[in-house]
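Notes follow the structure.
Quick note: the coordinates plus some simple rules give every number you see, no bench work behind them. Keep in mind that this is a model prediction, so the values were computed, not measured. Here Cβ is always computed from backbone atoms with ideal geometry, including for glycine, and neighbour counts include all displayed protein chains.
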Amino acid sequence: MTLLSRRAALLAPIAAIPLVAIRTRPAGAAEFSYKFANNLPAAHPLNVRAGEAAARILKATDGRVEIRLFPSSQLGSDTDTLSQLRSGAVELFTLSGLILSTLVPPASINGVGFAFKDYGQVWPAMDGKLGGFVRGEIAKRGLLAMERIWDNGFRQTTTSTKPITAPADFAGMKLRVPVSPLWTSMFKALGAAPVSINFSEVYSALQTHLADGEENPLAVIDTAKLYEVQKYCSLTNHMWDGFWLLANRRAFDKLPPDAQEIVARELNQAAVDERADVAALNAGLRTRLEAAGMAFNAVEAQPFRAALAEAGFYKEWQGKFGETAWAELSAATGGLG
């Protein structure tokens, strides 16, 4: 037998092995394993509910789709992770519309000052036409936004000097704000002196009176212990913010149709569950912060709206967002100046 014929004889049994018997992945491994990144602690309701959804998805897809959570910015900053999402290195990511606006400008429209009175206006708008418009704009950038936005909460104003009861109380106040044109524009229009400071430096800035006050949801005021350096908490509800659950379009489209339906259904349900969690958490946080020494006061929104309108704030941002988006916001909120 020649060398060539002996080699053929040795290879013959291998060639006879059916291709279906060759594993392309380890036994028991998911066919699709996707990373879900976010910037919130593991104990936050968003991650708790996302974890529950991931378990339901794994079960409903018979183990085909595995979603692994990466909380607390484990995969990088918001900017870094957004880039990873767009490239496909990360498949799922929750991001504030106010930050997403660097890529999708209309995504920050939910943060227009004193637009939403309460959640009774927020959810119909964001689950309805306004949210649909923003999702359409997101889709133009090659990303998919799930139908239900997750809750981050209304932002409140804390100060060390006096409570905020009327627009005039902001006059000359050194107020810490994130680095964002929307925030800076709004508080300047109210007569404040906004100071852009990284969040990691907020506590010391308030402690040393580099800033007199700041604004954040109650959960942040609590977890950052800002009550130690702030006396008053005025329930201004001046901005509402949420987290869009974004998916890399190419990765989502790779899922079989039945898996797509399951993933979307369970993640949207988790968002609705998280909303209820945040509402309950905020109700308890006021009591907790009052016990820590903060004085709370309610604020009537209409005088602030009137002040912003007179200063040209709404007209400026109407031009930036465009007539279609602004019409939807106005319809949802009863009109703005």
field: Helical mean residue ellipticity (222 nm; -39500 (n - 2.57) per DSSP H run of 4+; nearest 500) of the chain
entry: -13500 deg cm²/dmol
field: Principal axis dimensions, largest first and in whole angstrom, of region 23-85 by Cα
entry: 37, 24, 13
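List, in the order given, every pair from 174/231; 162/315; 129/225; 162/320; 117/188 whose Cα-Cα distance in the structure shown is over 26 Å. Walk me through the intermediate numbers first.
Numbers: 174/231 15 Å; 162/315 30 Å; 129/225 38 Å; 162/320 34 Å; 117/188 21 Å.
Listed pairs above 26 Å: 162/315; 129/225; 162/320.
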Within-10-Å neighbourhood charge of residue 212 [Cβ basis; K, R +1; D, E -1]: +2
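Please compute the alpha carbon radius of gyration of region 103-254, then divide it by the globular-protein estimate 2.2 N^0.38 Å. Two decimals is fine.
Values: Rg = 17.1 Å, N = 152, 2.2 N^0.38 = 14.8 Å.
Ratio of Cα Rg to 2.2 N^0.38 Å: 1.15.
If you stretched the chain out fully between residue 196 and residue 258, how much longer would it get, using 0.36 nm times the residue separation minus the C-alpha to C-alpha distance?
Numbers: separation 62, 0.36 × 62 = 22.32 nm, distance 4.65 nm.
Stretched fully, the residue 196-residue 258 segment lengthens by 17.7 nm.
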Region 98-142 and region 171-200: distance between their alpha carbon centers, rounded to Å: 22
- line: What one gets for region 134-177 as the Kirkwood radius, inverse of mean 1/r over different Cα pairs in Å, is 14.3
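What percent do you get for the relative contact order of the chain when only Cα pairs under 8 Å and 6+ apart count? Write down the numbers at each step before the final one.
Details: 541 pairs, mean separation 78.0, N = 337.
Result for the chain is 23 percent.
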message: I'd like the orientation of helix 78-87 relative to the chain: the angle between its Cα long axis and the longest Cα principal axis, in ° from 0 to 90, rounded to 10.
response: 30
- prompt: On a 0 to 90 degree scale, rounded to 10, what angle separates helix 257-291 from the longest Cα axis of the chain?
  reply: 30
query: Dividing the alpha-carbon radius of gyration of the chain by 2.2 N^0.38 Å (N being the number of residues), what value is obtained?
result: 1.23
query: Semi-axes, largest first, in whole Å: what does sqrt of 5 times each Cα gyration tensor eigenvalue give for region 250-337?
result: 35, 28, 10
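Relative to the compact globular guide of 2.2 N^0.38 Å, what is the alpha carbon radius of gyration of region 51-129, as a ratio?
Details: Rg = 16.0 Å, N = 79, 2.2 N^0.38 = 11.6 Å.
With N residues counted in region 51-129, Rg over 2.2 N^0.38 Å equals 1.38.
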Rounded to 10°, Cα long-axis angle of helix 3-15 versus longest principal axis of the chain: 50
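At 0.36 nm per residue, minus the direct Cα-Cα distance, what do residue 296 and residue 48 gain on full extension? Give it in nm, one decimal, please.
Working: separation 248, 0.36 × 248 = 89.28 nm, distance 2.93 nm.
Residue separation times 0.36 nm, minus the Cα-Cα distance, leaves 86.3 nm.
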